[in-house]
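**Student:** Just dropping this structure here.
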Amino acid sequence: MSLSQHVFLYCERGSNEALFAEPLNAASNASFLLAALAALLLLLRRPREMRSNHYLFIALVFLIGVGSLAFHLLADGASLLADVVPIDVFMLVYLGFALNRFLRVPPGWTVLILIASPNVVLTMQVKCWGGGSGFPGAEVTGASECLNGSLVYVPALLAMAIVGGLMAERK
């Protein structure tokens, strides 16, 4: 897909290329922008020594809102990247934070776990076609993104379940 090619993933857009073809999806991104602003205001009320890396999370939530807004307005390859890259970065950063902060995994091990964890890039390669799914060979025709591209979030769901389960076990 080229960066300027239109993307028609959501029923709200249909095959409409207009700027405001996804008004509900676009408006929903206000929640990310408001959450980032609220978090920043709350963070600034804390003592400096308690702020640590929280600015990074606030910036990523803001970028998620802006990138997703751009995608739901423009719906092209470039805005798709602006939508998914901040989400992917947030998922990896937060997983590292959760491993280190909540489960007390040392930083070196955290980095190794992140490298070895289910890779978002790998899940992007999984395709679906006429009753099948997987990594299609040249003989497969009509393969497309599974679950409208949402399959890339499965590793994050698994990570949340594993970290949550370990935290519950440790009480």
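The values are calculated or read from the model by the stated rules, or taken from the named source; none is laboratory data. Note that the structure is predicted; figures quoted are calculated from it, not measured. Quick reminder, even Gly has a Cβ in these numbers, built from the backbone with ideal geometry, and neighbours come from all protein chains shown. Ligands, DNA and RNA are stripped out before the accessible areas are found, and what is left, the full protein with its side chains, is counted by its heavy atoms. Shrake-Rupley method; radii C 1.70, N 1.55, O 1.52, S 1.80 Å.
**Student:** Are there any pairs, at least 6 apart or on different chains, whose C-beta atoms fall under 9 Å, with the first in the stretch 48-70 and over 30 Å from Pro23 (Cα atoms) and aliphatic (A, V, I, L, M) and the second open to solvent by less than 30 Å² (accessible area, probe 1.4 Å) and assigned to a helix (DSSP H, G or I), and if so, which?
**Tutor:** From residues that are over 30 Å from Pro23 (Cα atoms) and aliphatic (A, V, I, L, M), the pairs are Met50/Leu43.
**Student:** Would you be able to say whether some residue in the stretch 55-62 is at positive phi, exposed (fewer than 14 other Cβ atoms within 10 Å of the Cβ) and not acidic (Asp, Glu)?
**Tutor:** Taking every residue of the stretch 55-62 in turn, none turns out to be at positive phi, exposed (fewer than 14 other Cβ atoms within 10 Å of the Cβ) and not acidic (Asp, Glu).
**Student:** Could you pull out the residue among Pro107, Pro86 that is in contact with a helix residue (DSSP H, G or I) (Cβ under 7 Å, 6 or more places away or on another chain) and open to solvent by less than 40 Å² (accessible area, probe 1.4 Å)?
**Tutor:** Residue meeting the stated conditions: Pro86.
**Student:** Moving on to the next point. Can you work out which of the residues in the stretch 153-171 that are surrounded by 15 or more Cβ atoms within 10 Å (Cβ to Cβ) and among the small types (Gly, Ala, Ser) is farthest from Phe90 (Cα to Cα)?
**Tutor:** Ranking the candidates gives Ala159 first.
**Student:** Can you confirm whether the stretch 41-56 contains a residue that is within 16 Å of the chain's Cα centre (by Cα) and closer than 27 Å to Leu147 by Cβ?
**Tutor:** No, the stretch 41-56 contains no residue that is within 16 Å of the chain's Cα centre (by Cα) and closer than 27 Å to Leu147 by Cβ.
**Student:** On the given criteria, is Met50 exposed (fewer than 12 other Cβ atoms within 10 Å of the Cβ), modelled with pLDDT under 85 and over 30 Å from Gln125 (Cα atoms)?
**Tutor:** yes
**Student:** If you don't mind, there's one more thing I want to ask. Quick check on Ser68: is it modelled with pLDDT under 90, polar (S, T, N, Q) and either open to solvent by less than 30 Å² (accessible area, probe 1.4 Å) or at positive phi (or both)? Write out each step before concluding.
**Tutor:** Working: modelled with pLDDT under 90: no; polar (S, T, N, Q): yes; either open to solvent by less than 30 Å² (accessible area, probe 1.4 Å) or at positive phi (or both): yes.
For Ser68, the condition - modelled with pLDDT under 90, polar (S, T, N, Q) and either open to solvent by less than 30 Å² (accessible area, probe 1.4 Å) or at positive phi (or both) - is not met.
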